[in-house]
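A.B. asks: What follows is a structure written as structure tokens; I'll ask about it next.
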Amino acid sequence: MGYAAEKLTLRLPAPHSGGQDIFLNWSQYYPKAQCLVSPCGTKTGKTYGSVLWMLTEALSYPNLYCAWIAPTYLKCKIGYRYMKSMLPDHAWINLIDGRLEIQFANGSFIKFLHGSDAEITIEGEAVDRFVIDEAGKIKPDVWTSLLTTITQTRGKGIVTGTPRGFNWYSDIFKRSLTDDPFFVGCRLPTRSSPFVEKEAIDRAKKLLPAHLYEQYYEAKFISHGSTFGDLSSIWDQSINIKPNHKKFWIHPDEAKRSGTIIHGVDIAKKHDYTVFYSVNLQGQLVGFCRFQHIPYPHQVIRLKTYITNYFKGDQEIRFDATGVGSAFEDLLEESDIDAAIVPVIFSNKSKSEMVTKTIMAIQTEWHKAPKISVIENEFSSYELTVTPSGLHKYAAPDGEHDDIVSAAILAISQAYSSSSVEAGEELLEKTLSGEDPTDIIKAYKVVGSDDDFFESNDYDDDFFFDYENE
């Protein structure tokens, strides 16, 4: 397809044969519709197809204000980079990399927006064309603000991305499947792409939990968009949580902190957090600690103090041994800490196995934890991505932390695996002795706080020095 404007002729790539043409041609197929809603599986080319449409519109019609909206700056840069690669170095085109803006001599203008900037910028603007990429991660207020402007301007656009739970995105997709003339809907599963081999899809179906496969490969909206599914069953509402427990918390029942305890440890690197996540073989979170900007030797001292002061019985430390792990293991050995030390290399395979076991522990309601905000936030946002080579990668979204989840999957997966034999033996003993095997939930009282751990007089001042000021 070519566009002539003064001395510029531009030929854009053709869409692939697996349904990508719907992005480019939907407004021609459905001229009365203002919004294409297209949930897509991974690697279907949704971003590329949306880029083709927006460039076509901006070049075809003068004086358009076009808004490309994504959840993060890095996601915006993907769309911008695709557009830039299709455009020649020509006086008719002005690329402003620092502001992620593209200006054309016909007066049309494309602005890339992300996060809260999108909502603020859109308000009051006369948007003529738009794309919302990764819509499942966009706040509903952004859509509300955009809808107000395009209702007045008769603007048109695309809402696309991988489904992520039931939200405004799933709501408008449902409407697009009705006779509402404002919307047109199209779902593209991964199998529609000619560039993804059937063997890779079949392998994903075998390896991934069913709800993740349905979401990421079949582009279906399921009730819970989180990697870990429905998180509501995790939270033990009988435990009273204070705001300062986002840094440190110890289970109030000392008996639950006795016996075999698995401590998942994620080591801080640069701006990340060090996290201790401790789980007993009954699946209960019994200790949690999160801090940053502490040198590795002092992280080990803090871990030893944490275990010595608050836990009794057999202790096992499982830590992320990737990168600096070998040095950290040496420090643990030198500290003479009374615990089994198990380094774990984080590969795609090992991480996937730990995540799968953690999902099972959560979905069977085996794992329980107090509803600490930072734990809830990281578990809720943790996501799966598929690399260009087809590997599955679990991580936090761009710009967010996953240190708590990394520590948690180390502890939960091992405790969940170890619990079956021990739980079976305990149940058998209780049954043979005539005891009631039912676990009775006792009333909790809040003990343990940030002050108990971080301001105790039991430690040297060097243990708490301000690393940022050193």
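A.B. asks: Charged (D, E, K, R) and either in contact (Cβ under 8 Å) with a residue 60 or more places away in the chain or closer than 23 Å to Gly45 by Cβ (or both): does that describe Glu134?
C.D. replies: Working: charged (D, E, K, R): yes; either in contact (Cβ under 8 Å) with a residue 60 or more places away in the chain or closer than 23 Å to Gly45 by Cβ (or both): yes.
When the stated conditions are applied, Glu134 passes them.
A.B. asks: Next question, about the same structure. Tell me, which residue of segment 300-334 that is among the polar types (S, T, N, Q) and either at pLDDT below 90 or crowded, with 20+ Cβ neighbours inside 10 Å (or both) is nearest to the chain's Cα centre (by Cα)? Don't jump to the end; show me each part of the working.
C.D. replies: Keep residues of segment 300-334 that are among the polar types (S, T, N, Q), which gives 305, 308-309, 315, 322, 326.
Next, only the ones that are either at pLDDT below 90 or crowded, with 20+ Cβ neighbours inside 10 Å (or both) stay: 322, 326.
Details: Thr322: 21, Ser326: 28 Å.
The qualifying residue nearest to the chain's Cα centre (by Cα) is Thr322.
A.B. asks: Restricting attention to segment 138-160, and to residues there that are within 19 Å of Ser176 (Cβ to Cβ) and among the basic types (Lys, Arg), which single residue is surrounded by the fewest Cβ atoms within 10 Å (Cβ to Cβ)?
C.D. replies: Arg154
A.B. asks: Go through segment 97-106 and give me each residue that's outside any loop (DSSP other than H, G, I, E, B) and more than 19 Å from Phe130 (Cβ to Cβ).
C.D. replies: Step one: list which residues in segment 97-106 are outside any loop (DSSP other than H, G, I, E, B), which gives 97-99, 101-104.
Answer for segment 97-106, where residues must be outside any loop (DSSP other than H, G, I, E, B) and more than 19 Å from Phe130 (Cβ to Cβ): Asp97, Gly98.
A.B. asks: If I go through segment 166-196 residue by residue, how many of them are within 25 Å of the chain's Cα centre (by Cα), in a helix (DSSP H, G or I) and farther than 15 Å from Gly49 by Cβ?
C.D. replies: Qualifying residue count for the region: 8.
A.B. asks: If we only count helices (runs of 4 or more DSSP H) wholly inside segment 306-421, which ones have 1 or more residues that are in contact with a strand residue (DSSP E or B) (Cβ under 7 Å, 6 or more places away or on another chain), farther than 30 Å from Asp253 by Cα and outside the structural domain of Leu74 (by TED's automatic domain parsing)?
C.D. replies: Values: elements: 325-334, 348-363, 373-381.
So the answer is 325-334, 348-363.
A.B. asks: Quick one: count up the residues across segment 343-397 that are of a type in the set (D, E, K, R) and farther than 26 Å from Cys40 by Cα. Lay out the reasoning, then the answer.
C.D. replies: Filtering segment 343-397 down to residues of a type in the set (D, E, K, R) leaves 349, 351, 353, 357, 365, 368, 371, 376, 378, 383, 393.
Retained after the next criterion (residues that are farther than 26 Å from Cys40 by Cα): 357, 365, 368, 371, 376.
Number satisfying all stated conditions: 5.
A.B. asks: Okay, moving on. Evaluate segment 198-212: report whether one residue or more is in contact with a Lys or Arg (Cβ under 8 Å, 6 or more places away or on another chain), in contact (Cβ under 8 Å) with a residue 12 or more places away in the chain and either part of a loop (DSSP other than H, G, I, E, B) or among the hydroxyl-bearing types (Ser, Thr, Tyr) (or both).
C.D. replies: Just the residues of segment 198-212 that are in contact with a Lys or Arg (Cβ under 8 Å, 6 or more places away or on another chain), to begin with: 198, 201.
Restricting the remaining residues to those that are in contact (Cβ under 8 Å) with a residue 12 or more places away in the chain gives 201.
Checking which are either part of a loop (DSSP other than H, G, I, E, B) or among the hydroxyl-bearing types (Ser, Thr, Tyr) (or both) leaves us with none.
Looking through segment 198-212, none of the residues is in contact with a Lys or Arg (Cβ under 8 Å, 6 or more places away or on another chain), in contact (Cβ under 8 Å) with a residue 12 or more places away in the chain and either part of a loop (DSSP other than H, G, I, E, B) or among the hydroxyl-bearing types (Ser, Thr, Tyr) (or both).
A.B. asks: Give me a count of the residues in segment 209-264 that are within 27 Å of Cys40 (Cα to Cα), buried (at least 20 other Cβ atoms within 10 Å of the Cβ) and among the hydrophobic types (A, V, I, L, M, F, W, C).
C.D. replies: 4
A.B. asks: Show the residue pairs that are 6+ apart or on different chains and have beta-carbon atoms under 6 Å apart, the first residue being within segment 166-190 and assigned by TED's automatic domain parsing to the domain that holds Lys32 and surrounded by 15 or more Cβ atoms within 10 Å (Cβ to Cβ), the second being modelled with pLDDT of 95 or more and of a type in the set (Lys, Arg).
C.D. replies: Phe183/Arg175
A.B. asks: Additional query: Identify all residues within segment 223-258 that are farther than 20 Å from Trp366 by Cβ, modelled with pLDDT of 90 or more and assigned to a loop (DSSP other than H, G, I, E, B); write none if there are none.
C.D. replies: Within segment 223-258, Lys247, Pro252 meet the criteria.
A.B. asks: Please report, ordered by residue number, the strands (runs of 3 or more DSSP E) entirely within segment 109-165 with at least 3 residues that are at pLDDT 95 or above and under 27 Å from Lys220 (Cα atoms).
C.D. replies: On the way: elements: 109-114, 129-132, 156-161.
Fully inside segment 109-165 and qualifying: 129-132, 156-161.
A.B. asks: Further question: How about segment 45-76: which of its residues are under 26 Å from Ala396 (Cα atoms) and surrounded by fewer than 17 Cβ atoms within 10 Å (Cβ to Cβ)?
C.D. replies: Within segment 45-76, Thr72, Tyr73, Leu74 qualify.
The values are calculated or read from the model by the stated rules, or taken from the named source; none is laboratory data. Just so you know, these numbers come straight off a predicted model, no measurement behind them. Backbone-built Cβ (ideal geometry, glycine too); neighbour counts: all protein chains shown.
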